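Engineer: Below is a structure I'd like to ask you about.
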C-alpha cells in the first residue's frame, strides 16, 4: 500500500464517485461549460430575479454559425447569449386550418436589464427547445433606471 501526498490547494471536494475533484482542471474547462450569469452586485432587484423561473438562449442571425462541434455551417441562427434567466407567460389560441390544429402562442417574456434583445433576434426556450420570434421589445423610460425588459414573442406550431 502506498501513501500519496496531495496538494490541497488544487484538490476540491470529493465527487460522488469517491475521487477528489481537481479544481484547477475544472477552472481550465470553465470556458467549455456554459454558466448562468451572475447578477449579484449589479443593482438588479433580487425580488425580480426570484420571479425568473427558467432559462432561454438569445439567438442572432449570422453569416457564419458554428455547430456543437465548432464546425462552420451555412448562414443561419447562432447562439449569442446562453442561460439568460427569464420568465415566460404564455397566452395560447387554437385554430383549425385545413383539418390541422394550429397553435398560436403569444408570449410575454421578462428578462433582466442589460440583456441585448431586439426584433432582429429570436429566443429559444431552454426547457423544450421551442423557438420564438421577437415581435416587440419594451424597455424602461430613458429618464428612469431600467428594472427589467419585457418582450412580446410569437410561436406557431402545427399538430
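The values are calculated or read from the model by the stated rules, or taken from the named source; none is laboratory data. Since the model is a prediction, treat every value here as computed from it, not as a measurement. Positions of Cβ are backbone-derived with ideal geometry, glycine not excepted, and every protein chain shown enters the neighbour counts.
Engineer: Within segment 47-56, can one find any residue that is modelled with pLDDT under 85 and in contact with a helix residue (DSSP H, G or I) (Cβ under 9 Å, 6 or more places away or on another chain)?
Structural biologist: No, segment 47-56 has no match at all.
Engineer: Scanning for something under 29 Å from residue 159 (Cα atoms), modelled with pLDDT of 80 or more, in contact with a helix residue (DSSP H, G or I) (Cβ under 7 Å, 6 or more places away or on another chain) and surrounded by 13 or more Cβ atoms within 10 Å (Cβ to Cβ), does segment 129-146 turn up at least one residue? Walk me through it before giving the result.
Structural biologist: The initial filter retains those residues of segment 129-146 that are under 29 Å from residue 159 (Cα atoms), namely 129-137.
Then keep just the ones that are modelled with pLDDT of 80 or more; that gives 129-137.
Those still in the list that are in contact with a helix residue (DSSP H, G or I) (Cβ under 7 Å, 6 or more places away or on another chain) too: none.
Checked against the condition, which is being under 29 Å from residue 159 (Cα atoms), modelled with pLDDT of 80 or more, in contact with a helix residue (DSSP H, G or I) (Cβ under 7 Å, 6 or more places away or on another chain) and surrounded by 13 or more Cβ atoms within 10 Å (Cβ to Cβ), segment 129-146 yields no hits at all.
Engineer: Let me ask another. Would you check if residue 37 is modelled with pLDDT of 55 or more, under 19 Å from the mean Cα position of the chain (by Cα) and outside any strand (DSSP E or B)?
Structural biologist: Working: modelled with pLDDT of 55 or more: yes; under 19 Å from the mean Cα position of the chain (by Cα): yes; outside any strand (DSSP E or B): yes.
Yes; evaluated as a whole, the condition is true for this residue.
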